[in-house]
Protein chains: 2
Amino acid sequence: MMAKQVNQDQLYIGVDGGGTKCRATIYSLQHGILGTGLGGPANPLHGLERTLESIMVSTQMALQDAGLRVEQVHELNAGLGLAGVNLPLLYDKIMQWEHPFKQMFLTTDLHTACIGAHEGSDGAVIITGTGSCGFALVNGKTVNYGGHGFAQGDMGSGAWMGLEAVKAALLDLDGLGEKTTLSQVLLDHFSAKDAMGIAEQMAGQPSSGYAKLARYVLDQAKQNDDIALSIVKSGAGYISRLAKRLLELNPPRLSMIGGLSEPLQAWLDPEIAKQVQLPKQPPEMGAIYFAIQSAGQELQKAN
Amino acid sequence: MMAKQVNQDQLYIGVDGGGTKCRATIYSLQHGILGTGLGGPANPLHGLERTLESIMVSTQMALQDAGLRVEQVHELNAGLGLAGVNLPLLYDKIMQWEHPFKQMFLTTDLHTACIGAHEGSDGAVIITGTGSCGFALVNGKTVNYGGHGFAQGDMGSGAWMGLEAVKAALLDLDGLGEKTTLSQVLLDHFSAKDAMGIAEQMAGQPSSGYAKLARYVLDQAKQNDDIALSIVKSGAGYISRLAKRLLELNPPRLSMIGGLSEPLQAWLDPEIAKQVQLPKQPPEMGAIYFAIQSAGQELQKAN
């Protein structure tokens, strides 16, 4: 019982790092959420220094928002969910960081998203935003599908949809592919005169640049353009197959998160769509649960 | 006739710049090829300084090979065929270069490849190497298809084939796509244990990294793997459609150049395949013809 008493006085911070922003939430078991903060990009695959800086910015904002003093950072038990730390090299690099927290627990952004979506319990998540991937945690076992990155993976994601739209428009505009209303939509979007005008502006764009075009594909699919329909159906078909693979593990719940999860619902296999439930909590809360669970394990070890 | 006499004493240099190397050939109307040189990457889209340096390295090697003195660079009438100079901004930047040549004429690498393939006469070319594109020059009119770059264009190219192979293998290894023998071939190539092992090593690779995998697709297609067959047939189908579009202009000849032109021949539409003729001269000779033609036009203007 002593351990539990100590625990209830602890402060936790959950950090969810992403390619465009980093969210931090400070939490106490007694009072719940005390404050939140927002920082810049925190994907260690795209830069370690930048990631650590974004984590500190969001942490300082959360401390201020919680009415805590800057030096109370040393009292925080941190849970971090970051992309790429499934790679041992990257995991070790971040664990070697001379962080200011009381203690720090690190796992993947998928893991914390899953823990958050199911409020600390077992379950599965599919993330469909700029990228796409699937993750399940059942009885201590984890599985991971997709998430292989732009342009070779991440089917059904926003970046994938945007890329397929650009490919189809360029073929059509060259007279070398099927007609599609996406061509005119993209010419208008880029104020371009021809295929080369689109190609030039998209050359070297990161996945986020392509993801911005996904809404046109969804729009044109609703307007019954054959190419747009085939892109959306093919992407949703992949997400349905991904869901089936995750459901093979019998997770108690399945949630979809990310910007494309809502618009894709209508296109999923109906058997799958009816099993998808809303996430209970956001990924940064998942990072807090992860810290609480990990600290609990630490305390058990110490006793 | 005076002009022709003067012309015959002139020295020409043809430069073909590419993404991995730059070739230069020095030529006189009286004695033919005098010497050749090889420099590093010369694609101005990937770096202007590097391009100009590679042009000078290949030029100096060609001067030495020709037994000419370094300062005779000032006697050379240069023809340059470079990627990206269809963009006015890039064309102007290179034309503003304080080059050491007697005079310099600049055009696209496609244009010089076409002039070379048909020994200065009208014709059409399809380039299928790391990338793919089509170009025709008939009665002063030029057309241009494809060449929109990796990963959004360049169907039927080596980089496109490699990317399609990686995509198919990742889907298969996740149990989310059709079985393909490409999966084991790529696992072996990368000494990888699973899909993520392949994805990690290909993440952020340029088009040349994907093009290296094209030979596996051609190999497995010959072994009748359904996925490899469908990639090769789909790529060759695009190249056949590209050829048909170019043939609409009634070019006297059609040539294919680049590393994939030979292996793709067997997969082309037979009607197209029988119209494809070998290139008569390499692109750097095309650059020389371009310089001769351009200098001739200059002389006419001066008279």
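The values are calculated or read from the model by the stated rules, or taken from the named source; none is laboratory data. Please read all numbers here as calculations on a predicted model, not as lab measurements. Here Cβ is always computed from backbone atoms with ideal geometry, including for glycine, and neighbour counts include all displayed protein chains.
Only one of the numbered conditions (1) farther than 20 Å from A:Q152 by Cα; (2) touching a residue at least 24 places away in the same chain (Cβ under 8 Å) is violated by B:S234, and that is (1). Among the candidates B:A124, B:A83, the residue that is within 14 Å of chain A (Cβ to nearest Cβ) and of a type in the set (A, V, I, L, M, F, W, C) is uniquely B:A83.
Within the option set A:P270, A:P282, A:P263, being buried (at least 16 other Cβ atoms within 10 Å of the Cβ) and more than 20 Å from A:L137 (Cα to Cα) holds for one residue only, A:P263. Scan segment A:136-157 for residues that are polar (S, T, N, Q), more than 8 Å from every other protein chain (Cβ to nearest Cβ) and in a loop (DSSP other than H, G, I, E, B) and the total you get is 2. Considered as a group, the residues in segment B:158-168 that are in contact (Cβ under 8 Å) with a residue 12 or more places away in the chain and within 9 Å of chain A (Cβ to nearest Cβ) include one that is farthest from B:P263 (Cα to Cα), and that residue is B:V166. Among the residues of segment A:86-108, those that are assigned to a loop (DSSP other than H, G, I, E, B) and within 14 Å of chain B (Cβ to nearest Cβ) comprise A:N86, A:L87.
For segment B:186-217, residues that are polar (S, T, N, Q) and surrounded by fewer than 17 Cβ atoms within 10 Å (Cβ to Cβ) total 3. Just so you know, in segment B:177-209 the residues that are within 15 Å of B:L163 (Cβ to Cβ), within 11 Å of another protein chain (Cβ to nearest Cβ) and part of a loop (DSSP other than H, G, I, E, B) include one that is farthest from the chain's Cα centre (by Cα), and it is B:G177. Among the criteria (1) surrounded by fewer than 19 Cβ atoms within 10 Å (Cβ to Cβ); (2) facing another protein chain (nearest Cβ under 10 Å), the one A:D174 does not fulfil is (1). Select from segment B:218-256 the residues that are more than 14 Å from every other protein chain (Cβ to nearest Cβ), in contact with a Ser or Thr (Cβ under 8 Å, 6 or more places away or on another chain) and not charged (D, E, K, R) and write down the one among them that is nearest to B:H118 (Cα to Cα). This residue is B:P252. Among residues that are among the hydrophobic types (A, V, I, L, M, F, W, C), closer than 17 Å to B:I127 by Cβ and at pLDDT 95 or above, B:A221 is not included. Being within 14 Å of another protein chain (Cβ to nearest Cβ), loosely packed, with under 15 Cβ neighbours inside 10 Å, free of Cβ contacts under 8 Å to residues at least 24 places away in the same chain and not basic (K, R) is a property that A:G47 has.
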